[in-house]
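Working notes, structure below.
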Amino acid sequence: MSDAALYSLLALLLAVLGFAWLALALPNHWRQVHGSLPLTAPRQAILRSGASLMLGLSLLCSLAGDSPAMAILLWLMLLSSAIVVVACLLACQPRWLHTITLLTLLAFAGLIIAGVVGLKMAG
Amino acid sequence: MGELHTWAGVLLGVLLFAVFWTGSLSVFDKEIDRWMMPSTRLHWDDSMQRPSLDRDIRPLLEQRAANAPVWTIILPLERTPFLTLTYGSEESRKSSRDLFHPITLEPLAKPLTLGASGFIYPFHHNLTLRYKNIGAWLVGIAGMAMLCLLVSGVVIHRKLFSEFFTLRLHRAFGRSTLDVHNVAGVALLPFHLLITLSGLIVAFAIYYPDAPQHTYREQVQSGVSAERAFLGEALGRIRLRAAKEPGELAPLEPMVAKAEQHWGPGSVYLLRVNNPKDANGNVLLRRTSHSSVTKDIDNFRFANVSGEVMGRFQASAMVNTWNFIAGLHYIQFRHDALRWLYFLGGLGGCVVIATGLFFWTQARRKKQQRHGHLGVSLLDALSIAGVCGVILATLAFLLANRCLPMQEQLFGLGRARVEILSFYALWLVASAHAVWRVMRDQRLGYLHAWREQCTAIALLAVLAVLANWLTTGDHLLATLRSGNGPVAGTDLCLLAAAALALLAAHKLRRRVPQEETLEVAHV
Amino acid sequence: MHLRDVIQPATTATHVVGLCALAYFASAQLVGLSGMLTWWAGMSQGDAVMLALMLGFIYLLLLLLWGFSRERRRNAWLLLGGLSLLAWGTPLLLQVQA
């Protein structure tokens, strides 16, 4: 897969993650996924800021793979796709949202660690 | 009062659906063209050697159109992998076009069709109603209405943004239809705003024709048309008069080389030779803009006889802003991911409009029950004709393209015209079917009509794929193996459409209430 | 069916179609005027007209949204009509003066 395609895919995954957290920050959907666990204000704040971070990183990934105008356009379209994906997950398999969120976080952490290690070894 | 509102909404919705449907297809118009014109299923990429303009192409032009007032040469490109030569004629404004193999320069078999780029795309922006631009005005009104709906919709439904991930698919059909409408509508809001506004801005010449009048009043006072002056200054479109004296056309390759010194190698894709045999003729060169959103309208103009640069047009920053907006709408730049996302976004818009129509008529049905069912039934018929009808019409267009014999004239009409008649004919048949169904059963007829037309869509889509296989031999497995993207993509999308239509028909079957089966049992 | 049932939808339809047409006319006049003003302010002719054209659809959108959100229909007509007249007349006046 080409570099640009990889960046776009990563941008999509980050966007899905971002909107998943945004959805979880809404009481209705939190209840769908976590049942009777309370959605406290701190939890909501974390979810919301995390979501913004993910969406911002998604934009950066887009920009890494394309010229600025096309990257922003692509990012907007990926956001639209991510909203639909998250809505479908919530409608059909809310539990998956939870699993995907955890798995993606793990993968993300893994990538960061790998990146840091790689830089250390190269530098 | 409410009736008026309802009818206006449905009429506008039907028009918008047609515009969004044909617009979505137009994103892949060149790919659908490959499907509809089998003789053009060729391959071209940037690494290949372009045909020589003077050695190969000039003789072809001399042979076919030595006395034409205009020659247009479009060099092969990835999405249009053939050489196109267009020649105007002295007598009529119509020009004829010939296609040639990009390497051997053999003339390709005449396509005998307008294709997606010749019918579906024009339908999208002017409904092919060219008289006094009536079609373009209708599309413009629909577009403006869409903008108003989007902006006012956001303001009115602000609270929705707190619930905009909600998709209750397993609830009552009406509820899930509304949810799909809301989620898709919100998700695609930026895209729809961009596309609708850019679509209107692109066509400013139709909607604000008198804009240059006051600014160009000096030119107007000295007898020049303001519009002509504006187009010349802002867009580089100038028309030079012929000297009516003979002149020999200089070699074209050096002209291209000179332009490509500034533009980069291999960037020239279009040459237009105005008045080729005239002393005052000129050659216009345009370049590709694959890697920028901004549609490039810069040009070089060379004198016929001397081959020297007569002028170079470079669009100003302001005009390039317009070109950027236009480029956003036309999506002619190279970016496969964005192209697919635009296609899906456009189809998403169709879903938003169709669910909106369905929900709108459902809500009105409850209100108008005491006034009798006729009005509501006709609204249903209109919705069905507007949504399923235009899809069926498109499939008829594709099927006719494959099934009609390859003769220039059929039943006394051009073959391309017969294909277009098939489009409208099936639309008419679908409308008649919808009206018949709702009249026959004013309570549930509309459900039967939706279901039957969805089944018809599935059937015709599969038939189209089969027709492609039988008439060209390029069946899906072959095209996938040989990497023929356009044809494989079209076939796959047809099959996907058939699957979705069958799913819809199946879901609709389950919606027919129990009472109906009980009625049948009693009879 | 009362006469009322015919007149009311008819007047509403006339109001809607008419106000849309008036808003369009107003936006077209504003396009002409704003092009001329930006040209006078120093922009090239082509750029001035281009800018005005791109803004024209925004003018129309704003005028439509504003016009149809008025409490009294009469106010929408008066104000849009007045704006049209102003935008139509100003370039002519300025040209006569210059």
Any residue at all in the stretch B:484-493 that's assigned to a loop (DSSP other than H, G, I, E, B) and either modelled with pLDDT of 95 or more or within 28 Å of the chain's Cα centre (by Cα) (or both)? yes
Return yes when B:P265 is assigned to a loop (DSSP other than H, G, I, E, B), away from chain C (no Cβ under 14 Å) and more than 25 Å from B:A68 (Cα to Cα) and no when it is not. yes
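Would you check if B:E78 is acidic (D, E) and part of a loop (DSSP other than H, G, I, E, B)?
So B:E78 passes the test.
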State all residues of the stretch B:333-359 that are within 10 Å of chain A (Cβ to nearest Cβ) and touching a Ser or Thr at 6+ places or on another chain (Cβ under 6 Å); if no residue qualifies, say none. B:A337
Any idea which of B:Q219, B:Q213 is within 8 Å of chain C (Cβ to nearest Cβ) and over 19 Å from the mean Cα position of the chain (by Cα)? B:Q213
The listed residue being at pLDDT 90 or above, part of a loop (DSSP other than H, G, I, E, B) and not assigned by TED's automatic domain parsing to the domain that holds B:V155, out of B:A229, B:A243, B:A250: B:A250
For the stretch B:206-230, what are the residues that are of a type outside the set (S, T, Y) and in contact (Cβ under 8 Å) with a residue 24 or more places away in the chain? B:I206
Matching residues in the stretch B:73-97 - criterion: being more than 22 Å from the chain's Cα centre (by Cα) and at pLDDT below 95: B:Y87, B:G88, B:S89, B:E90, B:E91, B:S92, B:R93
Could you please let me know if B:I238 is touching a Phe, Trp or Tyr at 6+ places or on another chain (Cβ under 8 Å), part of a loop (DSSP other than H, G, I, E, B) and of a type in the set (V, I, T)? no
Residue under evaluation C:F68, criteria (1) open to solvent by less than 20 Å² (accessible area, probe 1.4 Å); (2) over 17 Å from C:A28 (Cβ atoms); (3) within 9 Å of another protein chain (Cβ to nearest Cβ), criterion not met: (1)
Of everything in the stretch A:26-54, what is more than 10 Å from chain B (Cβ to nearest Cβ), part of a loop (DSSP other than H, G, I, E, B) and surrounded by 15 or more Cβ atoms within 10 Å (Cβ to Cβ)? Give them in sequence order. A:L39
Matching entry among A:T104, A:T40 (being among the polar types (S, T, N, Q) and over 19 Å from A:Y7 (Cβ atoms)): A:T40
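Yes/no matrix, rows are residues, columns are (1) polar (S, T, N, Q); (2) more than 9 Å from chain B (Cβ to nearest Cβ); (3) in contact (Cβ under 8 Å) with a residue 12 or more places away in the chain:
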{"position": "C:I7", "(1), (2), (3)": "no, yes, no"}
{"position": "C:A26", "(1), (2), (3)": "no, yes, yes"}
{"position": "C:G32", "(1), (2), (3)": "no, no, yes"}
{"position": "C:A48", "(1), (2), (3)": "no, no, yes"}
For the stretch A:88-113, which positions are within 10 Å of chain B (Cβ to nearest Cβ) and without any contact (Cβ under 8 Å) to a residue 24 or more places away in the chain? A:C88, A:A91, A:C92
Complete set of residues in the stretch B:129-147 that are crowded, with 16+ Cβ neighbours inside 10 Å and either free of Cβ contacts under 8 Å to residues at least 24 places away in the same chain or among the basic types (K, R) (or both): B:G135
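Would you mind finding the one in B:P111, B:P122 that is part of a loop (DSSP other than H, G, I, E, B), farther than 19 Å from B:A184 by Cα and open to solvent by 20 Å² or more (accessible area, probe 1.4 Å)?
That would be B:P111, the only listed residue that is part of a loop (DSSP other than H, G, I, E, B), farther than 19 Å from B:A184 by Cα and open to solvent by 20 Å² or more (accessible area, probe 1.4 Å).
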Taking B:S306 as the residue in question, decide whether it is more than 14 Å from chain A (Cβ to nearest Cβ), in a loop (DSSP other than H, G, I, E, B), modelled with pLDDT under 95 and more than 22 Å from B:V19 (Cβ to Cβ). yes
Search result, residues across the stretch B:313-365 that are part of a loop (DSSP other than H, G, I, E, B) and open to solvent by less than 20 Å² (accessible area, probe 1.4 Å): B:A315, B:I331, B:F333
Considering only the stretch A:66-83, state which residues are touching a residue at least 40 places away in the same chain (Cβ under 8 Å) and open to solvent by less than 20 Å² (accessible area, probe 1.4 Å). A:L74, A:L78, A:A82, A:I83
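The values are calculated or read from the model by the stated rules, or taken from the named source; none is laboratory data. Quick caveat, the model's predicted, so the values are computed rather than measured. Positions of Cβ are backbone-derived with ideal geometry, glycine not excepted, and every protein chain shown enters the neighbour counts. Just the protein is used for accessible areas: all its heavy atoms, side chains included, with ligands, DNA and RNA removed. Shrake-Rupley method; radii C 1.70, N 1.55, O 1.52, S 1.80 Å.
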